[in-house]
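The values are calculated or read from the model by the stated rules, or taken from the named source; none is laboratory data. The model shown is predicted, which means the values in this text are computed figures rather than measured ones. Backbone-built Cβ (ideal geometry, glycine too); neighbour counts: all protein chains shown.
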Amino acid sequence: MEFIWFWVFRMLNSDLPAINDTESAKVPFGLPPVVDAHVHVFPGNIFSAIRQWFDENAWHIRYRLTTSDVFDFLLSRGIKHIIALQYAHKPGISHGLNKYMAEKCRQYPNRVTGMATVFPGEKNAVSILQNAFDSGLEGLKLHAHVQCFHMNSDPMNRLYECCRTNQKPVVMHVGREPKSEAYRCDPYELCSVDRLERVLKDFPDLKICVPHMGFDETWAYKEMIEKYDNLWLDTTMVITDYLPIEEKIDLARYRSDRVMYGSDFPNIPYAWDRELKELKAAHLSGDFLERLLNKNAVDFFGLEP
């Protein structure tokens, strides 16, 4: 598996293809209500910088929308609820990002849940996070590849504790892939199942979601959700048959109450509903689909059912 992913993401320094697949106007018929647990929004200048980075190091992002357009696009197509994610790529911008997120989410009451950001180790990080929670944001999003943090450090422990005491979940990209020379740090030095397991043990009542099924250690993460009740995974981008992976993930073999649907919209190179179509064709049970597409997100983020 490690060899496969080295080959796949070595291409992040060239070009992965943009796919002009057909998109539908609505969520595929017959699916239960859908909560998209992995949607990215940012102020315009940061969105532009992210798109430029993807153009140079990954794929061409198909949907180049503003935050409001992102929300309107998904909600108008039948997505029941959106979890909006962000991350601070440097110190000093977290407060502004959190204020932006809270303001945008207030425009979509009961339809969009916003997650806070903070740059681990920055001055007053815990106060910034607490202020974000007080403003109505409902959890913390972190990205080890971009923020280059050590999961088991004192600054991170203080953030975990803040989330724990406020009963807010953490969405934390700590899977080792994608590895790219464009990052400031080596994800393989920072990210591993073993490092996350220490967090799960030290903070047993802190809910943590690892996106992308924990690639490239997917099998180990599958075993981890069997072992720890405070760990969830999301499906983002790894079940879309886009990346050249030899073995498709068999969701039916996963713990049904610990996997959530996420799209990575709008930062994707294919149709917005590609993953939903894959899920409909996967022959999962009705109960599994309902858990995957909404119930697990309701439980994890504390949404109104």
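Here are some notes:
- The residues of the stretch 80-97 that are in contact with a helix residue (DSSP H, G or I) (Cβ under 7 Å, 6 or more places away or on another chain) and more than 17 Å from GLY44 (Cβ to Cβ), listed by number, are LYS80, ILE82, ILE83, SER94, HIS95.
- A count restricted to the stretch 240-266 and to residues that are at pLDDT below 95 and touching a Phe, Trp or Tyr at 6+ places or on another chain (Cβ under 9 Å) stands at 5.
- Looking across the stretch 286-305, the residues that are farther than 26 Å from THR22 by Cα and modelled with pLDDT of 95 or more come down to ASP287, PHE288, ARG291, LYS295, ASN296, ALA297, VAL298, ASP299, PHE300, PHE301, GLY302, LEU303.
- Verdict on LEU196 being more than 20 Å from GLY114 (Cα to Cα), of a type outside the set (Phe, Trp, Tyr) and either loosely packed, with under 14 Cβ neighbours inside 10 Å or in contact (Cβ under 8 Å) with a residue 40 or more places away in the chain (or both): yes
- Among the residues making up the stretch 213-229, those that are surrounded by fewer than 23 Cβ atoms within 10 Å (Cβ to Cβ) and either under 18 Å from ILE83 (Cβ atoms) or of a type in the set (Val, Ile, Thr) (or both) are THR218, ILE225.
- Of the residues making up the stretch 144-182, those that are in a loop (DSSP other than H, G, I, E, B) and surrounded by fewer than 18 Cβ atoms within 10 Å (Cβ to Cβ) number 8.
- Selection within the stretch 118-143 - part of a loop (DSSP other than H, G, I, E, B) and among the charged types (D, E, K, R): GLU122, LYS123, GLU138
- The stretch 48-66, subset surrounded by 15 or more Cβ atoms within 10 Å (Cβ to Cβ) and in contact with a Lys or Arg (Cβ under 8 Å, 6 or more places away or on another chain), residue farthest from PRO266 (Cα to Cα): ARG51
- Taken as a whole, the condition of being touching a Gly at 6+ places or on another chain (Cβ under 7 Å) and surrounded by 22 or more Cβ atoms within 10 Å (Cβ to Cβ) applies to LEU137.
- From SER48, SER76, residue being more than 24 Å from TYR242 (Cα to Cα) and free of Cβ contacts under 8 Å to residues at least 24 places away in the same chain: SER76
- Odd one out for ILE79, checked against (1) under 21 Å from PHE203 (Cβ atoms); (2) among the β-branched types (Val, Ile, Thr); (3) over 16 Å from the mean Cα position of the chain (by Cα): (1)
- Tally of residues being surrounded by 14 or more Cβ atoms within 10 Å (Cβ to Cβ) and either closer than 27 Å to SER153 by Cβ or among the polar types (S, T, N, Q) (or both) across the stretch 101-125: 12
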